[in-house]
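Have a look at the structure below, then the notes.
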Amino acid sequence: MEKVEVSSESEDSEKVKFTEYSSAIISSETEKELEESSETENLKKVEAALFLSARFLSLQELVMLTDINPLMIREIVSKLIEKYNKDESAIEIIAKKDMWKMDVRQEYIYMVNKLATGSSEFTKAEQETLAVLAYKQPVKQSVVIKIRGNKAYEHIKHFREIGLVIAKKAGHTIELRLSNEFFDYFHLGKKEDGGKIIAVEIKEEDDESDEENKEHEVEEKINENL
């Protein structure tokens, strides 16, 4: 009996097609997984940046910190805002123009103040210098130094580095004023009084002792929020 040889050409062709089809499916699934993984990683980067900064971050700052393009940053921040609102979290993301900040919701600020007592990132001396700045601003640096001594140079440098104080040239010295970050950081409102912006409600009186008491009130307000 003669043996009939079955051509394997069609079988090989089918195997090739199956392999190509399987590879296409795997490639598609892998690509999708990689995209989802990348998106999750980017979201975590932005979330971490907002959490660690403890202040408003601009779009440019987030781009530099995370190396994510601006369009994706906006989309990610929107998702984070939705996430925290949906979860009814005690944390929220506050938006201000092209700036965002992660913070405790207003109704839980009192807890933060209690926890922070005695563990402030500012020394007692820095708090006192900041209180003087908050009361007298805009004020020349030379005036602050006269009141607080040479140690205030380092305090002012620190405040400028973390964005609480803004400085501009004024003759041989510089003029100092509070930044928006100061008000946001200490959860203080702004009030115009006598043509200048103050951090708390302070009545203008001439008595020197009263002026010292007012500075003390500002300092206490700062300490409460630290």
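The values are calculated or read from the model by the stated rules, or taken from the named source; none is laboratory data. Keep in mind the model is a prediction, meaning the values are calculated, not measured. Cβ sites come from the backbone with ideal geometry, for glycine too, and all protein chains shown count toward neighbours.
The table below lists the values:
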{"quantity": "Residues of the range 83-109 that turn out to be touching a Leu at 6+ places or on another chain (Cβ under 8 Å), under 16 Å from Phe51 (Cβ atoms) and acidic (Asp, Glu), as a count", "calculated": "0"}
{"quantity": "Pairs where the first residue, in the range 85-98, is assigned by TED's automatic domain parsing to the domain that holds Gln60 and the second is in a loop (DSSP other than H, G, I, E, B) and at pLDDT 85 or above, C-beta under 7 Å, 6+ apart", "calculated": "Lys96/Phe56"}
{"quantity": "Residue check, Lys169 farther than 18 Å from Glu128 by Cα, at pLDDT 85 or above and surrounded by fewer than 17 Cβ atoms within 10 Å (Cβ to Cβ)", "calculated": "yes"}
{"quantity": "Selection from the range 40-59 of residues that are touching a residue at least 12 places away in the same chain (Cβ under 8 Å) and over 9 Å from the mean Cα position of the chain (by Cα)", "calculated": "Asn42, Leu43, Lys45, Val46, Glu47, Leu59"}
{"quantity": "Residues of the range 11-58 that turn out to be surrounded by 15 or more Cβ atoms within 10 Å (Cβ to Cβ) and either at pLDDT 85 or above or of a type in the set (Ser, Thr, Tyr) (or both), as a count", "calculated": "10"}
{"quantity": "Among the candidates Ile94, Ile109, Ile145, residue that is under 23 Å from the mean Cα position of the chain (by Cα), modelled with pLDDT of 80 or more and among the hydrophobic types (A, V, I, L, M, F, W, C)", "calculated": "Ile94"}
{"quantity": "Some residue of the range 120-142 being under 25 Å from Ala49 (Cβ atoms), at pLDDT 80 or above and exposed (fewer than 15 other Cβ atoms within 10 Å of the Cβ)", "calculated": "no"}
